[in-house]
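The values are calculated or read from the model by the stated rules, or taken from the named source; none is laboratory data. Keep in mind that this is a model prediction, so the values were computed, not measured. Cβ placement follows ideal geometry from the backbone for every residue including glycine, while neighbour counts extend to all protein chains displayed.
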Amino acid sequence: MSVDHPDVPPEVPSDEDLARMDRDELVRLGTKLDGVELVEYPDPWPVKGTRAEKRAERMVAFWFAVSGLTGLAFVVAFIFWPSKYVAPDQDGYFLYSLYTPVLGLTLGIAILALGVGVLNYTRKFIPHEIAVQERHDGGSKDVDIRTVVAQLADTGHRSTIARRPLIKRSLAFGGGVLGLAITVVPLGGLLRNPHAQSSNENGLLHTGWLHHGAEKVFLRRDTGDPSQVELVSPADLDAGSMETVFPFRESERGDHEALLKALNRADNPVMLIRLRPDDAQKVIKHAGQEDFNYGDYYAYTKICSHVGCPTSLYEQRTNRILCPCHQSQFDALQYAKPVFGPATRKLAQLPIKIDPDTGYFISTGDFIEPVGPAYWERKS
Ligand code: FES
């Protein structure tokens with residue numbers, strides 16, 4: 001096909017003529033109107049039905065099928081794979097720890113396989129034409145639109161997709177399931193109900209401070225040896241100091257595994273803060289938590305309400321609790337409400353008092369509000 005001289009616009013057919021033209025004629029007209037010269041426009045498979053063509057077709061279908069199957073695996077894993085936090089020393093750790101890698105691997109392979117399938121299809125079945133085209137300014141005319149549509153249809157036709165049901169079906173399977181896999185990410189939360197497991201001790205709504213019957217839950221420090229239990233009394237903290245404490249029950253004494261679990265559980269660490277007497281006068285308590293403190297002693301979870309880093313720093317001078325991850329700050333004089341940074345929810349406060357029998361700190365119950373990241377905001 002030759003290129004008309006740019007200064008001589010090709011004749012534009014009437015609407016009736018356009019309506020009469022078949023796809024090939026429209027393609028040729030389109031290239032002509034666009035000043036395109038098709039240098040090469042070969043049929044990739046001039047001899048139909050050869051073994052090489054069938055092999056290429058199966059190869060493309062194979063990749064689409066892989067994409068579909070791994071996409072399906074992703075959806076199934078997303079919905080049914082057990083996922084919750086389990087400490088490395090607990091039963092089922094290996095299974096639970098595989099959740100994220102399995103999701104990443106299956107979705108990654110699904111996307112990769114679909115891409116490889118499309119690439120293969122393009123290489124093997126789309127005509128590799130060489131064309132030279134002039135640039136145009138301004139919007140498209142109706143004739144341009146119609147001829148471009150015809151060109152696209154022609155590409156589809158020449159790619160022979162219409163007569164390749166194997167590739168069509170496998171592409172529909174691979175692309176469809178991958179689309180489903182991508183959809184299940186935002187919608188999956190509606191299918192999995194994390195609150196369903198909330199009633200047991202390991203559920204999201206409870207921490208290791210959950211009381212079992214009448215057994216007291218003491219505040220202990222981490223001495224580096226789980227079996228060496230040191231309880232905390234008011235005299236252990238200077239005014240304006242902070243100590244990290246963990247739950248301890250007498251029934252766990254000597255039970256190395258239980259003691260280790262109490263120290264390792266992610267939502268167990270608590271900051272026990274002793275305010276300076278002057279500062280304690282300025283405290284504003286949270287409604288419903290007026291008796292959670294013991295005198296100048298306040299206990300807040302260490303788990304940041306932003307995305308869960310340990311809020312390890314207590315600045316005595318300003319009474320602020322600092323999270324090193326994204327610089328959120330919480331005011332210890334105002335029920336640990338956030339005063340700076342991305343966190344939007346207060347740190348959960350643990351209710352504490354002194355055990356009259358031993359003189360050590362005990363908690364009077366579990367946290368009554370969610371501990372950790374702002375995921376909980378989605379609940380209500
Ligand atoms: S995790 Fe604490 S500020 Fe982000």
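In contact with a strand residue (DSSP E or B) (Cβ under 9 Å, 6 or more places away or on another chain) and away from the ligand (no atom under 16 Å from the Cβ): is that true of Ile284 in this structure?
In short, yes.
Among the listed residues Thr301, Thr358, identify the single one that is out of contact with any Lys or Arg (no Cβ under 8 Å at 6 or more places or on another chain) and away from the ligand (no atom under 14 Å from the Cβ).
After applying the criteria, what remains is Thr358.
Could you tell me whether Tyr93 is in the same structural domain as Ala150 (by TED's automatic domain parsing), of a type in the set (Ser, Thr, Tyr) and modelled with pLDDT of 85 or more?
Considered against the rule, which asks whether it is in the same structural domain as Ala150 (by TED's automatic domain parsing), of a type in the set (Ser, Thr, Tyr) and modelled with pLDDT of 85 or more, Tyr93 comes out as no.
Output the residues belonging to the range 304-325 that are near the ligand (Cβ under 6 Å from one of its atoms) and surrounded by 19 or more Cβ atoms within 10 Å (Cβ to Cβ).
Cys304, His306, Cys323
Let's see how each residue does on (1) closer than 30 Å to Pro101 by Cα; (2) among the aliphatic types (A, V, I, L, M); (3) in contact with a helix residue (DSSP H, G or I) (Cβ under 8 Å, 6 or more places away or on another chain):
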position	(1), (2), (3)
Asp15	no, no, no
Arg28	no, no, no
Leu38	no, yes, yes
Pro42	no, no, no
Pro46	no, no, no
Ala52	no, yes, no
Phe78	yes, no, yes
Ser83	yes, no, yes
Val86	yes, yes, yes
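When you look at Ala73, is it surrounded by 14 or more Cβ atoms within 10 Å (Cβ to Cβ) and in contact with a Lys or Arg (Cβ under 6 Å, 6 or more places away or on another chain), yes or no?
Taking the combined requirement at face value, the residue does not satisfy it.
Give the residue that is nearest to the chain's Cα centre (by Cα), with candidates limited to residues of the range 326-355 that are surrounded by 16 or more Cβ atoms within 10 Å (Cβ to Cβ) and within 12 Å of the ligand (Cβ to nearest atom).
Among those that are surrounded by 16 or more Cβ atoms within 10 Å (Cβ to Cβ) and within 12 Å of the ligand (Cβ to nearest atom), it is Ala343.
When you look at Tyr294, is it away from the ligand (no atom under 16 Å from the Cβ) and either modelled with pLDDT under 95 or out of contact with any Leu (no Cβ under 6 Å at 6 or more places or on another chain) (or both), yes or no?
Yes: the conditions hold for Tyr294.
Would you confirm, using the coordinates I've provided, whether Ile145 is assigned to a helix (DSSP H, G or I) and over 30 Å from Val12 (Cα atoms)?
no
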